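Reading through the structure tokens given below for one structure.
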Amino acid sequence: MVKKIFALASVSALTGLVSAAAAAGCSSNEETKAGAADGAPPPTQVKDGGETPDRDRPGTGTRPGAECMETRDIDMTRVPYSRAKKTANACTTKELDDLSGFFRNKAQNAQDIVISDWAKVVSEGCASCVFSEGTGAEWAPILTKDNKLDDVNRGGCIEIASGKEACGRAYQHVAECRLEACSNTCDTAEGFTACLQDVQGIFSGPCKSAYDDLDKECGAKELPTYEAACKGNAFTFEGPIKVQCINGGVAK
């Protein structure tokens, strides 16, 4: 699903999970890949939160994103996670800009992301730090599978910022759960976008267990600081690349 791929990297679609939940009316005590294809808005136009004044569970039809949201509780403990890979000065800031530019061009033209082509815009050392399959003992910022973008490892950067692998794992699980709650059940770009924006419905419904674990491992008060340290200018992968492949594991 092309729209899911671009949702993985859309900075407004996946970053700021705590602030997104707060904007939708959630609190830590209560419950705390949208793309340019298939008619969906480009990544930079996706907004977090949304008009969700009621607290009905997903699937009731009372929320904009409820019509196709997954109703079952999604078990994220089955999903693997490995500690963050860190290499100081593997990439330059220009190389980070080049990686973003490549993705932006593909997103705007609704084109597939081929990792072997993406990696060619930077040096071999930078590409080695930025890209890896999600099967090793350490995970790079961008996880690949079959020469395609498979996931953005936001959790690795959160792990570094918090100093806790469990916090990074919980964050990654919540981000992935949010996508799973919509991508497997929403057949249209419009439905997928509306579902993804309904963070209150997601975190109080199919991803409640994952979100509760995030609150436990990271702390609702501390997490916004970690997210700020891992924020990109345009895409979710920019912060992790800066922290893991430029700063070498220093979140600042």
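The numbers here are math on the coordinates, done by the rules we state, and not lab data. Owing to the predicted nature of the structure, the values given are computational and were not obtained by experimental measurement. We place every Cβ from the backbone using ideal geometry, glycine too, and count neighbours over all the protein chains shown.
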Estimated FRET transfer efficiency when R0 is 25 angstrom, pair Glu124-Val79 (beta carbons, to 0.05): 0.25
Net length gained if the chain between Val114 and Asn233 were fully extended (0.36 nm per residue, minus Cα distance): 40.6 nm
Fully extended contour minus Cα-Cα distance, from Asp212 to Ala88, at 0.36 nm per residue: 41.3 nm
Cβ-derived FRET efficiency at R0 41 Å, Ala220 paired with Glu138, nearest 0.05: 0.90
Label-point separation in nm, Thr71 to Thr188, each point 7 Å along Cα→Cβ: 2.0
Amide H contacts of Glu133 (H built 1.01 Å from N, under 5 Å, at least 5 apart or other chain): Thr144
3J(HN,Hα) from dihedral phi, segment 157-164, Karplus parametrisation 6.51/-1.76/1.60, rounded to Hz, x for glycine, proline: 5, 5, 4, 5, 5, 8, x, 10
Bridge type composition, segment 110-252 - antiparallel percent by DSSP, nearest 5: 60
